[in-house]
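All remarks here apply to the structure that follows.
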Amino acid sequence: MNISEIKEELKNILTEKRYDHTLGVAYTAACLAIVYGEDMEKVELAGLLHDNAKCFSDDKLLKKCKKYNVKISDAEMRMPYLLHAKLGAYYAVEKYGASDEIAEAVSYHTTGRPDMSMLEKIVYVADYIEPNRNKAKRLPEIRKTAFEDIDMCVYMIASDTMEYLGTDPENMDEMTEKTYLYYKKLIEAKKEAK
């Protein structure tokens, strides 16, 4: 499928609000690609596909992941809505013909992961800062940082996510915490190196 066909498909399966968000992520990701020297078309495609499985109920997400042998963590069993990322990664390849690299970016756009590729960081950040988002407390600062230091931006997003979710392990996927700890250490090391 080409990008126009994927947009048309997504327009039909996502709510209007989710589709607007998806376009915002694709647009923001493309802008970040310019700054960080990534392939704009690849980044735009990853942005478009990041929420392609967001339209399913928790029950359907669990059933479809089991059907397609998508691994489900304990946290995802407790919070099945997180599975939209992994199922979306599966569909990115199987339904939309995307590369494994794009599928990885889709898979980790919600939780992040330690040592993300530039593509993964761009989609993770774009999902958080796209123009339709307005609830995060440090959003203006995070948006500015996104175009100056993407690692710092990932750290800020992970930090705010940790704060929002609290310290209750029942509310958090362990990958979110691993992402936070990795990027905290990375930023501290960069500061010490100066």
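Worth pointing out:
- Cross-link pairs exceeding 28 Å in C-alpha to C-alpha distance, out of LYS54/LYS185; LYS54/LYS178; LYS42/LYS63, comprise LYS54/LYS185; LYS42/LYS63.
- In a reduced charge model with +1 at each Lys and Arg Cβ and -1 at each Asp and Glu Cβ, the range 74-194 shows a dipole moment near 460 debye about its Cα centre.
- Partner aspartates and glutamates for LYS60 [C-alpha distance under 14 Å; skip if fewer than 8 residues away on the same chain]: GLU76
- For the listed peptides 8-14, 105-111, a ranking on the average number of other beta carbons within 10 Å per residue, highest first, reads 105-111, 8-14.
- Dividing the C-alpha radius of gyration of the range 56-194 by 2.2 N^0.38 Å, with N its residue count, gives 1.08.
- Per-peptide average of other Cβ atoms within 10 Å, ordering 170-181, 55-66 highest first: 170-181, 55-66
- Ellipticity estimate at 222 nm from DSSP helix runs (n ≥ 4, -39,500 (n - 2.57)) divided over the chain, nearest 500: -21500 deg cm²/dmol
- Highest mean packing comes first when the peptides 135-148, 39-52 are listed by Cβ atoms within 10 Å, giving 39-52, 135-148.
- Ranking TYR81, VAL154, GLY37 by Cα position along the charge dipole of the chain, where only Lys, Arg, Asp and Glu carry charges on their C-beta atoms, puts TYR81 farthest toward the positive end.
- Net charge of neighbours whose Cβ lies under 12 Å from the Cβ of MET1, counting Lys and Arg as +1 and Asp and Glu as -1: -2
- Expressed as a fraction of 2.2 N^0.38 Å, the value expected for a compact globular protein of N residues, the C-alpha radius of gyration of the range 80-119 is 1.10.
Values quoted throughout were computed directly from the atomic coordinates according to the rules given, and no laboratory measurement underlies them. These numbers were taken from a predicted model, which means no experiment stands behind them. Quick reminder, even Gly has a Cβ in these numbers, built from the backbone with ideal geometry, and neighbours come from all protein chains shown.
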